[in-house]
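The structure appears right after this line, and notes come after that.
A short reminder: the numbers here are calculations on the coordinates, not readings from a lab. Being a predicted model, the structure only gives us computed values, none of them experimental. Here the Cβ positions follow ideal geometry from the backbone for every residue, glycine too, while neighbour counts run over all protein chains shown.
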Amino acid sequence: MPKRPQKPCNAQSCNTLTRNARYCDDHAHLDKPWSGRKGSGRGGRPWRRLRDQVLRRDHFICQCDECRAQDRIRPAHEVDHIVPVAEGGTDDPSNLRAINHDCHEMKTQHESKAGIARRSVQNA
């Protein structure tokens, strides 16, 4: 069966050819529902502006607890809620920080496991 023809990535100013549905591998995260596309629950222009403000404030450097404790400098491309929204956190800039993608994944997994443990204790 012939391969799907390549087409340009849909990300702004990306000319990479891809066989994926919409985005190249570097921009595949933009196809996720929370990426800020119109119609998604989070995102839109207000969130993008706030996100850009936080990234500039933190100089595009990861501000996670582990990186700061180890004086490690990693580039940040995402914004993280220090206190998760599910636990009462807000979108106030004082509750947001720039974070590296890998650090954000680890923090999210840790929070998810803690939430599951908390629910199991409450239901016991």
Excluding N100 itself, calculate the net charge of residues whose Cβ lies under 14 Å from the Cβ of N100, where each Lys or Arg counts +1 and each Asp or Glu counts -1.
-2
Treat every Asp and Glu Cβ in the chain as -1 and every Lys and Arg Cβ as +1, leave all other atoms uncharged, and give the resulting dipole magnitude about the Cα centre to the nearest 20 debye.
660
Taking a crude spin-label model, label points 7 Å out from Cα along the C-beta direction, the D52 to D31 distance in nm is 2.6
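What fraction, in whole percent, of alpha-carbon pairs in the chain exceed 21 Å separation?
Details: 3977 of 7626 pairs.
The calculated P(r) of the chain puts 52 percent of pairs beyond 21 Å.
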Just to verify a number: FRET efficiency for E105 and R19, C-beta to C-beta distance, R0 = 22 Å, to 0.05?
0.30
